[in-house]
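Peer 1: Structure in structure tokens, see below.
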Amino acid sequence: MNKQIEISHQTIVLNDLGMHARPAAKIAQMAMTADKTIWLYDGNTQVDASSIIDILTLCAKKGTHIHIQAESRQDTAIIEQIKAFFDNGFGELTP
């Protein structure tokens, strides 16, 4: 892959169930609206964030550190939206 990362944010998987199909689908939906490719990187594997299957291959458990990366600064808002989704525990955290 020949890509130039323009912006990156780091986050962590907070919910007990880790990354599963529902949040993967939501992240892919957000990433598909990007001007260029959004990537998720766990320190070992980098995947296309617009692919549910790719996201699930990360097998990201609770506590996994994730870098959300974009090839274009124009996608800053999308990166921040995805980061907020992670930071909110995918909306699955119990009070």
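Peer 1: So which residues in the range 28-46 are of a type in the set (Val, Ile, Thr), buried (at least 17 other Cβ atoms within 10 Å of the Cβ) and over 17 Å from Asp87 (Cβ atoms)?
Peer 2: Thr37
Peer 1: Still on this structure, I have one more. Which members of the range 1-27 meet the condition of being of a type in the set (S, T, N, Q) and surrounded by fewer than 17 Cβ atoms within 10 Å (Cβ to Cβ)?
Peer 2: Passing the criteria: Asn2, Gln4, Ser8, Gln10.
Peer 1: Have a look at Thr94, Thr33, Thr37 and point out the one that is under 18 Å from Leu17 (Cα atoms), over 10 Å from the mean Cα position of the chain (by Cα) and among the hydroxyl-bearing types (Ser, Thr, Tyr).
Peer 2: Exactly one residue qualifies, and that residue is Thr94.
Peer 1: Is at least one residue of the range 48-70 under 20 Å from Gln4 (Cβ atoms), modelled with pLDDT under 95 and part of a loop (DSSP other than H, G, I, E, B)?
Peer 2: no
Peer 1: So, one more: For the range 58-75, which residues satisfy the criterion of being over 12 Å from the mean Cα position of the chain (by Cα) and surrounded by 14 or more Cβ atoms within 10 Å (Cβ to Cβ)?
Peer 2: Across the range 58-75, the qualifying residues are Glu71, Ser72, Asp75.
Each row is one residue, and each column tells you yes or no for (1) in contact with a strand residue (DSSP E or B) (Cβ under 6 Å, 6 or more places away or on another chain); (2) more than 24 Å from Thr94 (Cα to Cα); (3) part of a strand (DSSP E or B); (4) among the β-branched types (Val, Ile, Thr).
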{"position": "Gln4", "(1), (2), (3), (4)": "no, yes, no, no"}
{"position": "Leu17", "(1), (2), (3), (4)": "no, no, no, no"}
{"position": "Lys26", "(1), (2), (3), (4)": "no, no, no, no"}
{"position": "Lys36", "(1), (2), (3), (4)": "no, yes, no, no"}
{"position": "Ile78", "(1), (2), (3), (4)": "no, yes, no, yes"}
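Peer 1: Let me spell it out: the conditions are (1) polar (S, T, N, Q); (2) touching a Leu at 6+ places or on another chain (Cβ under 7 Å); (3) loosely packed, with under 12 Cβ neighbours inside 10 Å, and Thr94 meets all of them except one. Which number is the exception?
Peer 2: (2)
Peer 1: Suppose we keep only residues that are in a loop (DSSP other than H, G, I, E, B) and at pLDDT 95 or above within the range 6-15. Which one would you say is nearest to Ile78 (Cα to Cα)?
Peer 2: Val13
The values are calculated or read from the model by the stated rules, or taken from the named source; none is laboratory data. Bear in mind that the values here come from a model prediction, so they are computed numbers and not experimental data. Note: ideal-geometry Cβ built from the backbone for every residue, glycine included; neighbour counts use all protein chains shown.
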